[in-house]
Amino acid sequence: MSKDPVRVLVTGAAGQGTWVSMGVYSDDSYDVPAGLIYSFPVTCPCDLSQTRNGEWNIVQGLSIDEFSRKKSDATADELTEEKPLAYSCLS
């Protein structure tokens, strides 16, 4: 079974109860500011009888150790700082 995030997003091929890391819009999960595109553990619908339409859900409640929290916060701070520059390149 593939853990390729694009394949999982399109087909739900990860399987019930498994997740993959995927860059998606933050909804303030894990204290990452809402609106940033950030890598989260996500699940995608696995009912192959339904159309996927790119649906995904951020996995909630995973524990994060102190080292990972510091790295995550630093990354979120960098992304927040870089966001205006990225948007300026689009216009």
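The values are calculated or read from the model by the stated rules, or taken from the named source; none is laboratory data. This structure is a prediction, so every number in the text was calculated from the model and none was measured. Heads up: the accessible areas ignore ligands, DNA and RNA and are worked out on the full protein's heavy atoms, side chains in. Shrake-Rupley method; radii C 1.70, N 1.55, O 1.52, S 1.80 Å.
The single residue among S68, S39, S72 that is at pLDDT 90 or above and in a strand (DSSP E or B) turns out to be S39. The residues in segment 19-44 that are open to solvent by less than 50 Å² (accessible area, probe 1.4 Å) and under 8 Å from the mean Cα position of the chain (by Cα) can be counted, and the count is 7.
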